[in-house]
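Values quoted throughout were computed directly from the atomic coordinates according to the rules given, and no laboratory measurement underlies them. Since this is a predicted model, take the numbers as computed values, not measurements. Reconstructed Cβ throughout: ideal geometry from the backbone, glycine too, with neighbour counts over all protein chains shown.
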Amino acid sequence: MTNNKKSTRPSNLLSIKESQARRERPMTGFGLWRLGFRPFYVGAALFASAAVLLWLGLLSGTLSLSGANINPVFWHAHEMVFGFALAVIAGFLLTASNNWTGILPAAGLPLALLFTLWALARLFIIYGDIRLAAAFDIAFVVLLTGLLFRVLWLSKLWKNFPILGLVVLMGAFNIWFYIIAITSLPVNPLYPVELALFVILELLVVMGGRVIPNFTQNGVPGVQVWKPPFFVIATPMSTVLAIVAWFTLPPRLAFFCCFIAAIINLVRWLGWKPWQTLKHPMVWVLQLGYLWVPVTLLAMGFEVLGLVPRSLPVHALAVGAMGLIIAGMITRTAMGHTGRQIVASRFEIAFFLLVAISGLLRVIVAMPQHLTPVQTSWFLFVSGLAWSLGFLTYVYRYAPWLVRPRIDGGPG
């Protein structure tokens, strides 16, 4: 007999199917290597906290990278993008690809190997040879790409291959960074890092447009978001144009492109009724994170006109948008995939507020103003400390969940 029933698995890797378990029971066993989000979420959060604390020590002069052959500024920028953010992306995609294809991309020894490659790259870029760091980092991206390619190929999810292109593109930018750093080419090593960061911006725009309105409608009783079809194409396209313009076009034309993209993203965000989410932390954290997207685009426009420093749009994106959306996603998906009800406790609220404070203070430091050097140092210190404490809060809360099996007895 022919089975005509259609598969209930979503074909879109950017959707999220969440468990809504209402009870907990004792957990046994070791679950860290069961699914990609487990090691990479806790590893990325722990690294995000430690790396920023180290960065504060470098800024204050109390610590140094004497054992490394890399400029501290380049190390900080590189590791927040290719160390922290790419680890979260890896955990998310490894988990998503399993959830919607039924094919496990990596578990057990292969997942442990993948995580080890990532961790060794983080270690060797500080305490060893940068060539070894490059080798481990490249091996990590190659293996990650291969694992995701296998899942997409076997499941014939052709339209989702562009998401694989994100990993490949970020890997290419990472290779470029290492080539510059190792060979001393006359190119600023921050250039490929910024390119990778703005690839993440486009991912946030695409992902945010698909999941934030759905989470808002599902998580806030009675709210009806506004999602005209126009924004499905106009928002990511205008954002891509703004990014390309920022890097390549004359200042006035670049400002116009960035301004238009900022307005389109802002109008789209207002259509999601963010003011109705204030009593729902698991939703407002994503809404607040997305608000930083039009702020980033507007700051990019002001930067090309010479009105603000380049660090303003970079940190609005990296600490504001990326930081908050990552905070919202790694809590939500970790809860759902460990079989828990998706409800914010005081730990999640503290985590979200600390990251939000960090982003705001870091952008204030980057704005043209008359802060004294002492005031600037204090703002940077409090911003970095808030970030580190926020991600340590995540580790404290979620590490015990991520090293043990699901509470509902399900796989993953």
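General remarks:
- Spin-label pair ILE182-SER345: with each label point 7 Å from Cα along the Cα-Cβ axis, the two points sit 4.5 nm from one another.
- Projected onto planes of every orientation and averaged, the convex hull of the alpha-carbon atoms in the chain covers 21.7 nm².
- By average C-beta atoms within 10 angstrom, highest first, the peptides 393-406, 152-165: 393-406, 152-165
- Percent of alpha-carbon pairs separated by more than 29 Å within the stretch 190-404: 28 percent
- Low-density loop positions, trypsin sites (Lys or Arg not before Pro), the stretch 252-356 - DSSP coil, at most 16 other Cβ in 10 Å: LYS279, ARG310
- Here r is the Cβ-Cβ distance between SER60 and LEU154 and R0 is 51 Å; the resulting FRET efficiency, rounded to 0.05, is 0.50.
- Residue-averaged [θ]222 nm for the chain, counting only DSSP H segments that reach four residues, each worth -39500 (n - 2.57): -23500 deg cm²/dmol
- A simple spin-label model places pseudo-atoms 7 Å from Cα toward Cβ; at ALA172 and TYR127 they are separated by 3.5 nm.
- Mean Cα-pair separation over length for the stretch 190-404, i.e. relative contact order, pairs under 8 Å, 6 or more apart, %: 18 percent
- Taking Lys and Arg as +1 and Asp and Glu as -1, the other residues whose beta-carbon sits under 12 Å from that of GLU303 total 0.
- Computed FRET value (nearest 0.05) for ASP408 with ARG252, which takes r as the C-beta separation and R₀ as 41 Å: 0.10
- Chymotrypsin sites (Phe, Trp or Tyr not before Pro) within the stretch 205-282, DSSP loop, no more than 13 other Cβ atoms inside 10 Å: TRP226
- Packing order of peptides 312-322, 379-389, highest average first: 312-322, 379-389 (average count of other Cβ atoms within 10 Å over each peptide's residues).
- GLN375 paired with LEU307, simple spin-label distance in nm, labels 7 Å along Cα-to-beta-carbon: 2.2 nm
- Multiplying the residue separation of LEU360 and ALA50 by 0.36 nm and removing their Cα-Cα distance gives an extension gain of 109.6 nm.
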